[in-house]
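The values are calculated or read from the model by the stated rules, or taken from the named source; none is laboratory data. Every value quoted in this text rests on a predicted model; they were computed, and no experiment measured them. When we count neighbours, we look across all protein chains shown, and the Cβ atoms used for this are built from the backbone with ideal geometry, even at glycine.
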Amino acid sequence: MPQKQHTVPVIYKDGQSTKAIAKGNNVAWICKCDGLTLLLGQAGSDAQVTCDACNSTFLVQSQEDGEQVLKVVEL
Ligand SMILES: [Zn+2]
């Protein structure tokens, strides 16, 4: 069965939040540093993503089963 896309929050260190699009354990969002840089993450073993433009590091958090992205948090 195809997995549905859903939106999950991206929480920045300064308390701002934006939205990411998640599908299964994959997630994509635009970094707020320039509003252009597309970041792609995956829940699971390789859950950290660094923005090339601003060097911020994000952690993709998933539900306990590891199958669904829950949120993205800037570290
Ligand atoms: Zn950035």
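Flag not set for Val72, criterion: touching a Lys or Arg at 6+ places or on another chain (Cβ under 9 Å) and on the phi < 0 side of the Ramachandran plot. Exactly one residue among Ser17, Ser62 is buried (at least 16 other Cβ atoms within 10 Å of the Cβ) and out of contact with any Lys or Arg (no Cβ under 7 Å at 6 or more places or on another chain), and that residue is Ser62. The strands (runs of 3 or more DSSP E) found entirely in the chain that carry 3 or more residues being away from the ligand (no atom under 12 Å from the Cβ) and in contact (Cβ under 8 Å) with a residue 40 or more places away in the chain are 5-11, 69-74. Within segment 20-42, if we keep just the residues that are at pLDDT 95 or above and charged (D, E, K, R), the residue that is surrounded by the fewest Cβ atoms within 10 Å (Cβ to Cβ) turns out to be Asp34. The residues in segment 1-14 that are of a type in the set (Asp, Glu) and either buried (at least 16 other Cβ atoms within 10 Å of the Cβ) or touching a Pro at 6+ places or on another chain (Cβ under 7 Å) (or both) can be counted, and the count is 0.
Mind listing whichever residues of segment 43-59 are under 24 Å from Gln3 (Cα atoms) and surrounded by fewer than 17 Cβ atoms within 10 Å (Cβ to Cβ)? Gly44, Ser45, Asp46, Gln48, Leu59 - these are the residues of segment 43-59 that are under 24 Å from Gln3 (Cα atoms) and surrounded by fewer than 17 Cβ atoms within 10 Å (Cβ to Cβ).
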